[in-house]
1. Share of the chain's accessible area from carbon and sulfur, percent, 1.4 Å?
2. Report the paramagnetic label zone for residue 202: residues of the stretch 65-83 whose backbone N is under 13 Å from a point 7 Å from Cα along the Cα-to-Cβ axis.
3. In this model, which of 58/141; 47/136; 58/176 are farther than 30 Å apart at the alpha-carbon?
4. By per-residue mean of other Cβ atoms within 10 Å, what is the highest-first order of 180-188, 132-140?
5. Compute the distance in nm between two label points, each set 7 Å from the Cα along the Cα-to-Cβ direction, one at residue 104 and one at residue 10.
6. So for the pair residue 194, residue 67, with labels modelled 7 Å out along Cα→Cβ, what separation do we get in nm?
7. So which aspartates and glutamates can residue 189 reach, going by Cα to Cα under 20 Å and dropping same-chain residues fewer than 8 places off?
8. Given the stretch 69-143, what whole percent of its Cα pairs are spread farther than 19 Å?
Amino acid sequence: MTELEMRILEVAEQLFLERGFAGTSTTDIAREAGCNQALVHYYYRTKERLFAQIFLSKVDSVLEYIDHYTYNGDFFGCLRQLIDFYFDYINHHRRLPFLILNELATNHDRRLQMREFFVENPQRQRVYFAFDEVVKQEVEKGTIRHIETFDLLIDVVSLVAMTFLTLPALQDMLQKSEPEVDTYLNKRKEEICLLLAKGLSAD
């Protein structure tokens, strides 16, 4: 990938996160990247293809983490590491939940794209079913209560995402400084870990 391609990708990501897909044009991307619009189309063909590359790579990051994780038999430790990774990742991309939620809620084609990218992709199915097998084994051993893997992942995603979806309102209402926000986020992450651990306990 050339330096200009990387620059276009970085600028496009920043603009999509700030303005959303509909609010961003290839003209905007070219201007911010310091090139002409023709070069944006030369490298990425369309705004849709450029957005898809960014959007799907971001959503895919957690699955990649799970795919490379070596399970050592400590389910709650595994869950904690998954939450840590996902929470810290979103903390570094705070606008990402807004972008994903908006696209999935308003864009039918994006939902079909997500289905093709995840549900119908054998490699990503393999990652999901490997984690599903871990959950089923721990349920059978009595480590955790019965829960469907999909429900568990939705619990993790929704609790973390909602923290960041509500963060701007909390910052404006409570006038928190950035260090105070960091303290709040750390406490919130601990609360999510505790809530899920207690909710999954078989006791």
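The values are calculated or read from the model by the stated rules, or taken from the named source; none is laboratory data. Since the model is a prediction, treat every value here as computed from it, not as a measurement. Neighbour counts run over all protein chains shown; Cβ positions are idealised from the backbone, glycine included. Ligands, DNA and RNA are excluded from the accessible area calculation, which covers all protein heavy atoms including side chains. Shrake-Rupley method; radii C 1.70, N 1.55, O 1.52, S 1.80 Å.
1. Working: 6410 of 11760 Å².
Carbon and sulfur atoms account for 55 percent of the accessible area of the chain.
2. Answer for this model: 75-76.
3. Pairs exceeding 30 Å: 58/141; 47/136.
4. Listed from highest to lowest mean packing, they are 132-140, 180-188.
5. 2.9
6. 3.6
7. Once the sequence-local aspartates and glutamates are set aside, what remains near residue 189 is 74, 84, 88, 151, 155, 178, 180.
8. Result for the distance tail: 56 percent.
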